[in-house]
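Quick notes on the structure that follows.
The values are calculated or read from the model by the stated rules, or taken from the named source; none is laboratory data. This structure is a prediction, so every number in the text was calculated from the model and none was measured. With ideal geometry, Cβ positions are generated from the backbone for all residues, glycine too; neighbour counts draw on all protein chains shown. Side chains are part of the model used for accessible areas, which takes the heavy atoms of the whole protein and leaves out ligands, DNA and RNA. Shrake-Rupley method; radii C 1.70, N 1.55, O 1.52, S 1.80 Å.
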Amino acid sequence: MIEVASNNICVGCGACAVVNSKVSIVRDKYGMPRANLTDVDRDGLKFIASICPVSSVSDNEDVLGVELFPRAKNFDSGIGKYESLHAGRVSDDSVVRGSSSGGLTTWLLVELLARGEIDGVVHVGKDGGDEGDLFGFCVSSSVEEVLENRKSQYYAASFDGAVRQALATTKRYAFVGVPCHVKALRLLSKHDVSVRNSFPFVIGLVCGHLKSPAFAELLAWQLGIPPRDLAAVDFRVKAPGKQVHEYLFSATDKSGAKHERTSSKLFGALWGHAAFQLEACDYCDDIFAETADVCFGDAWLPKYANEWRGTNVVVVRNAAIGEIFVGGKERGDVSFEPLSPRDLVESNAGNFRHRRDGLSFRLEEKVRAGTWAPIKRVLPGSVGLTRRRRSIVRLRQRMSTLSHESFLRAKSKDDLNLYFLDMSPYAEKMARLSRVSVFERIVRKAFRVLGRIFG
């Protein structure tokens, strides 16, 4: 466990703080949550390692998947165990407009509440977090609270406070989180029956990587709201008639004035730049929250590109949740269609390049340097990368590290241009490296077509 903390790859999930009162989760100078293990003894560290989602000694997703879903009929090395795969959305436009994607995550939570299967939801929302945080894990106990705290929040947070609040009751909750948070809760559940009983449903969200609070501050600052005046943000405001990826970023200052701009027009909004990424995310190989009962993501596929309302991809692992969706479809509440494993993987092609291909190279570099890295299911050097791809992986790591340092300096000097000056040359280099030739595009398209014909 010491290796996780000393190598700066703690994800700040908070699992260790749930089981050990001597652990505190604090934000470092860059705003990233970290576990403070200073006062924990050797036995405590050993136990914490067994529930840490990043640790090399905790069970990996393959082991947990077999234990959690022994009846799941299917397995794919990129998806995990599953019952069925779908793409769909909520039928009610007034509901789906207020969601980040197809609205199915919120629909399921409301349905579980209505059925009496749960008494509340532990998830990231506007009501959580400490003073000064825009978001944090919170407990929503009503449909109204669930709706208030829905949507994607690209803001690293710790769940220890909200989980302890839930455990202090005899109620049942659904837990919603990104893959590392979901895995951490499952590891907690293996060692503590009260956690298992309190969280009968665990819902996962596809994650590109976690962001520090600086991501929201950077985008808002470009709209004229410096960090000290920022009151609220909405990372994904839908634009009717636009393509699904052309959503807006909205920021509100402390006077209540709201500003919006197309997210893709804001510097640093491209996920491939890895701005303000937690370093732990460079050592994650779980894309579809393989230990969750169900996982939701965006259907980033050409077929759904023109559907501005958004479309979810859905990975069902718990058959009971699959039955809930079947009932919702029969009533006309939701619409969805089967999705092939190939299309599901294609919907997150960039994520796979980063978390599988790129991870293999990053681990290989660690081995060559003789430095510690967590043991992953992806083996060091197991995926051969072209020179260009290796350059992209290295550049992304450099951009991530520099973004934290540069933005902190820009804030201290109250000058956003300092950040632009530091980062622009790297962004331009990334653009050059990422350009795909016409020939490469033709080859990729040909392989996709052949895959659909013969796969």
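A compact table of results
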{"read-out": "Flag if LEU363 is open to solvent by less than 50 Å² (accessible area, probe 1.4 Å) and touching a helix residue (DSSP H, G or I) at 6+ places or on another chain (Cβ under 7 Å)", "value": "no"}
{"read-out": "Candidates PHE215, PHE235, filtered to the one that is among the aromatic types (Phe, Trp, Tyr), closer than 30 Å to ILE324 by Cβ and either at pLDDT below 95 or outside any loop (DSSP other than H, G, I, E, B) (or both)", "value": "PHE235"}
{"read-out": "Residue within the stretch 275-294 that is modelled with pLDDT under 95, over 19 Å from the mean Cα position of the chain (by Cα), under 22 Å from ALA349 (Cβ atoms) and of a type outside the set (A, V, I, L, M) present", "value": "no"}
{"read-out": "Failed condition for LEU248, given (1) of a type in the set (A, V, I, L, M, F, W, C); (2) modelled with pLDDT under 95; (3) out of contact with any Lys or Arg (no Cβ under 9 Å at 6 or more places or on another chain)", "value": "(3)"}
{"read-out": "Sole residue being open to solvent by less than 20 Å² (accessible area, probe 1.4 Å) and among the polar types (S, T, N, Q), chosen from SER94, SER84, SER141, SER101", "value": "SER101"}
{"read-out": "Failed condition for LEU248, given (1) within 18 Å of the chain's Cα centre (by Cα); (2) open to solvent by 10 Å² or more (accessible area, probe 1.4 Å); (3) under 16 Å from PHE215 (Cβ atoms)", "value": "(1)"}
{"read-out": "Qualifying position, being out of contact with any helix residue (DSSP H, G or I) (no Cβ under 6 Å at 6 or more places or on another chain), open to solvent by 80 Å² or more (accessible area, probe 1.4 Å) and within 24 Å of PHE352 (Cα to Cα), among ARG394, ARG377, ARG389", "value": "ARG394"}
{"read-out": "Selection count, the stretch 81-112, where residues are basic (Lys, Arg) and either in contact with a strand residue (DSSP E or B) (Cβ under 8 Å, 6 or more places away or on another chain) or at pLDDT 95 or above (or both)", "value": "2"}
{"read-out": "Among (1) modelled with pLDDT of 95 or more; (2) under 26 Å from HIS191 (Cα atoms), the one test that ASN36 misses", "value": "(1)"}
{"read-out": "Flag for LEU218 being surrounded by 22 or more Cβ atoms within 10 Å (Cβ to Cβ), among the hydrophobic types (A, V, I, L, M, F, W, C) and either touching a residue at least 60 places away in the same chain (Cβ under 8 Å) or farther than 25 Å from ARG396 by Cα (or both)", "value": "yes"}
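Yes/no matrix, rows are residues, columns are (1) at pLDDT below 95; (2) of a type outside the set (D, E, K, R):
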{"residue": "ALA369", "(1), (2)": "yes, yes"}
{"residue": "GLY381", "(1), (2)": "yes, yes"}
{"residue": "GLY384", "(1), (2)": "yes, yes"}
{"residue": "LEU418", "(1), (2)": "no, yes"}
{"residue": "PRO425", "(1), (2)": "no, yes"}
{"residue": "ALA431", "(1), (2)": "yes, yes"}
{"residue": "GLU440", "(1), (2)": "yes, no"}
{"residue": "VAL443", "(1), (2)": "yes, yes"}
